[in-house]
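Structure first, then comments.
Each value in this text was obtained by applying a stated rule to the coordinates, not by laboratory testing. Bear in mind that the values here come from a model prediction, so they are computed numbers and not experimental data. Neighbour counts run over all protein chains shown; Cβ positions are idealised from the backbone, glycine included.
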Ligand SMILES: CC(C)(COP(=O)(O)OP(=O)(O)OC[C@H]1O[C@@H](n2cnc3c(N)ncnc32)[C@H](O)[C@@H]1OP(=O)(O)O)[C@@H](O)C(=O)NCCC(=O)NCCS
């Protein structure tokens, strides 16, 4: 409970004021990509990328079929979805949504979620790229980046992913990076039964890339993520 004399005083030096959003300083760099937690300008760009198409219309890689919405709802819904996750970040429960940029242009998103991370030491991930950016190895590169962040910088022990049985691309990336099948879950997808394969990766099983990850601005984020 805060005491009345705990209040910040007018003119108090900036360094004594806690930073409510230290994640704005975080950046991961791979050979081709920059990954930064979402910002409003980038989310607007991401929503436009999403509206241009993420998958063929006859496919549905997502358990919540957000890409089935009309364009104006999809654009607003995309931005509001990521705002809601950003607004809900707290040490016991967080999702960091990294905007994926190449040469300054937003191409997609890579999410990392931790629940009671200080105890579980487990993350789960999810991602998508605009269709025009797929099939060039970016999906592998961005997933690898957040796995290296989780295992090597945050102290994660395990990472989870999941993909429908008819999503060979996502499953291929998981296989390539060393994940093992860990059961399945059943969904009602567009009104039909669909099976999602759960995947589990330990830090030892990760198939490491040839490149090294550059990480900047992480120290100020550790308390917010309860990371070691
Ligand atoms: C999933 C996604 C992020 C992957 O990104 P990407 O840049 O297209 O993937 P990459 O190019 O890095 O790798 C794709 C791998 O899948 C493999 N692949 C693609 N189609 C395949 C098929 N039909 N069967 C087997 N492997 C296949 C490719 O050969 C490649 O592996 P390789 O590098 O060993 O050759 C992207 O395709 C996407 O956004 N898809 C739509 C949304 C989605 O499915 N999100 C994930 C939900 S779980």
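Remarks
- Within a Gaussian network of the chain (alpha carbon springs, distance under 10 Å), most fluctuating of 110, 69, 16: 16
- Sequence-distant contacts, meaning Cα pairs under 8 Å at least 6 residues apart, place the relative contact order of segment 110-228 at 26 percent.
- Taking 87, 115, 51 in turn, the Gaussian network model of the chain (Cα-Cα springs below 10 Å) assigns the largest fluctuation to 87.
- Compared with the dominant Cα axis of the chain, that is its longest principal axis, helix 71-87 is turned about 40°.
- Highest mobility in the GNM of the chain, judged by mean-square fluctuation with C-alpha springs under 10 Å and restricted to 190, 198, 143, is found for 190.
- Model label points for residue 195 and residue 81, set 7 angstrom from Cα along the Cα-to-Cβ axis, are 2.6 nm apart.
- Rounded to 10°, Cα long-axis angle of helix 40-52 versus longest principal axis of the chain: 10
- On the principal axes of its alpha-carbon atoms, segment 171-228 has extents of 45, 29, 18 Å, going from largest to smallest.
- In segment 2-94, the convex hull through the Cα atoms has an average projected area of 10.1 nm², a quarter of its surface area.
- With q set to 0.12, 0.13 Å⁻¹, the log10 of I(q)/I(0) for the chain, from the Debye formula over equal scatterers at the Cα positions, is -0.69, -0.80.
- Label-point separation in nm, residue 152 to residue 176, each point 7 Å along Cα→Cβ: 1.8
- Temperature 37 °C, viscosity 0.692 mPa s: under these conditions the Stokes-Einstein estimate for segment 47-143, based on its Kirkwood radius over C-alpha pairs, is 226 µm² per second.
- Rounded tilt (10° steps) of 168-177 against the dominant C-alpha axis of the chain: 60
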